[in-house]
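Written out below as structure tokens is the structure these notes cover.
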Amino acid sequence: MKFFIDSADVGEIRELSQTGLIDGVTTNPTLIAKSGRKFTDAIAEICDLVDGPVSAEVTATDAEGMIAEGRALAKIAENIAVKVPLTWAGLRACRTLTDEETMVNVTLCFSANQALLAAKAGATFVSPFIGRLDDIGEDGMQLIRDIRKIYDNYMGLDTEILAASIRTPVHVTEAAKAGADVGTLPPGVFRQLVEHALTDKGLAAFLADWEKTGQTVPRK
Ligand code: G3P
């Protein structure tokens with residue numbers, strides 16, 4: 001499973017990219033607003049920090065406007081993935097931008113049929129929002145399972161399932177079990193992945209016992 005960071009905070013992305021485990025970044029208009037940064041400046045900096053795809057979202061609502069914005073965003077860096085909403089206009093923009101060899105992330109996916117449309121429009125990624133479905137009493141993870149099953153039923157539906165609106169480490173585990181290709185994680189959730197009380201306890205015990213030996217592990 002690839003790990004993307006769901007953030008427009010350049011400082012956080014710089015720090016987390018040092019783990020060597022970050023495969024890309026997703027942003028959205030809300031995250032850009034939260035960063036307080038100029039959109040194109042923040043995106044350009046993030047593209048420099050991370051080798052993988054960096055999603056930058058259009059805000060036009062008509063296909064022509066989305067295509068124009070998408071083309072301009074794609075000029076920022078080679079690793080831009082233009083993010084378009086799952087509307088008829090977004091799907092048209094997806095097809096055009098995909099045909100121009102621009103990566104496209106179709107976002108705000110809440111049903112399996114929507115995901116089928118995104119794949120037929122040639123999307124590089126489709127972003128089903130797990131947490132927001134859970135918020136309204138639906139089962140976000142079942143949507144990931146359904147999309148996986150549908151995509152696996154047909155040759156040529158190569159769109160990657162990008163599990164979004166992930167809120168907890170359990171979401172990460174379940175999305176990986178369901179076969180999501182990518183999970184986009186808020187920085188806090190990514191940091192939580194490594195934590196386990198027994199790891200801390202076990203390490204403390206090993207180090208305490210080691211100290212009693214008076215030895216050091218050779219470094220060359
Ligand atoms: O990037 C889209 C997505 O991950 C949003 O998450 O928590 O605002 O539903 P959330």
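Restricting to segment 124-148, name every residue that is among the hydrophobic types (A, V, I, L, M, F, W, C) and within 10 Å of the ligand (Cβ to nearest atom).
Step one: of segment 124-148, the residues among the hydrophobic types (A, V, I, L, M, F, W, C) are 125-126, 129-130, 133, 136, 141, 143-144, 147.
If the condition is that a residue be among the hydrophobic types (A, V, I, L, M, F, W, C) and within 10 Å of the ligand (Cβ to nearest atom), then PHE129, ILE130, LEU133 are the ones that fit.
Only one residue in ALA121, ALA112, ALA72 is small (Gly, Ala, Ser), closer than 26 Å to ALA8 by Cα and more than 14 Å from the ligand (Cβ to nearest atom), so which one is that?
ALA72
Among THR40, THR27, THR59, THR19, which is the only one that is farther than 25 Å from ASP134 by Cα, of a type in the set (S, T, N, Q) and within 16 Å of the ligand (Cβ to nearest atom)? Break it down stepwise before answering.
Numbers: THR40 fails: within 16 Å of the ligand (Cβ to nearest atom); THR27 fails: farther than 25 Å from ASP134 by Cα; THR19 fails: within 16 Å of the ligand (Cβ to nearest atom).
None of the others qualify; the one that does is THR59.
Inspect all residues belonging to segment 203-219 and state whether any of them is among the aromatic types (Phe, Trp, Tyr) and open to solvent by 70 Å² or more (accessible area, probe 1.4 Å). Working first, answer last.
Looking only at segment 203-219, we keep the residues that are among the aromatic types (Phe, Trp, Tyr), and these are 206, 210.
Add one more test, that the residue is open to solvent by 70 Å² or more (accessible area, probe 1.4 Å), and what stays is 206, 210.
Checking segment 203-219: at least one residue is among the aromatic types (Phe, Trp, Tyr) and open to solvent by 70 Å² or more (accessible area, probe 1.4 Å).
So which residues in segment 46-63 are in contact with a Lys or Arg (Cβ under 8 Å, 6 or more places away or on another chain) and either surrounded by fewer than 13 Cβ atoms within 10 Å (Cβ to Cβ) or of a type outside the set (Val, Ile, Thr) (or both), if there are any at all?
Within segment 46-63, LEU49, GLY52, SER55, ALA56, GLU57, ALA63 meet the criteria.
Please go through (1) farther than 30 Å from ARG95 by Cα; (2) within 16 Å of the ligand (Cβ to nearest atom) for SER165 and return the number of the only condition it doesn't satisfy.
So SER165 meets the others, but not (1).
Does LYS34 satisfy being out of contact with any His (no Cβ under 8 Å at 6 or more places or on another chain), within 14 Å of the ligand (Cβ to nearest atom) and open to solvent by 70 Å² or more (accessible area, probe 1.4 Å)?
yes
Looking at ASP181, ASP209, ASP200, can you tell me which residue is charged (D, E, K, R) and touching a strand residue (DSSP E or B) at 6+ places or on another chain (Cβ under 8 Å)? Before the answer, list the steps.
Working: ASP209 fails: touching a strand residue (DSSP E or B) at 6+ places or on another chain (Cβ under 8 Å); ASP200 fails: touching a strand residue (DSSP E or B) at 6+ places or on another chain (Cβ under 8 Å).
Going through ASP181, ASP209, ASP200 in turn, the sole match is ASP181.
Is there a residue in segment 139-155 that is acidic (Asp, Glu) and over 30 Å from THR98 (Cα atoms)?
To start, the set of residues in segment 139-155 that are acidic (Asp, Glu) comprises 139, 146, 152.
Now narrow it down to the ones that are over 30 Å from THR98 (Cα atoms): 139.
Yes, segment 139-155 contains a residue that is acidic (Asp, Glu) and over 30 Å from THR98 (Cα atoms).
Out of segment 186-202, which residues are touching a Lys or Arg at 6+ places or on another chain (Cβ under 9 Å) and either open to solvent by 100 Å² or more (accessible area, probe 1.4 Å) or among the hydrophobic types (A, V, I, L, M, F, W, C) (or both)?
Going through segment 186-202, the residues touching a Lys or Arg at 6+ places or on another chain (Cβ under 9 Å) turn out to be 186, 189.
Hit for segment 186-202 is VAL189, nothing else.
The values are calculated or read from the model by the stated rules, or taken from the named source; none is laboratory data. In this text the structure is predicted, and so the values were computed from the model without any measurement. Note: ideal-geometry Cβ built from the backbone for every residue, glycine included; neighbour counts use all protein chains shown. Calculation scope for accessible area: heavy atoms of the full protein, side chains included, ligands and nucleic acids excluded. Shrake-Rupley method; radii C 1.70, N 1.55, O 1.52, S 1.80 Å.
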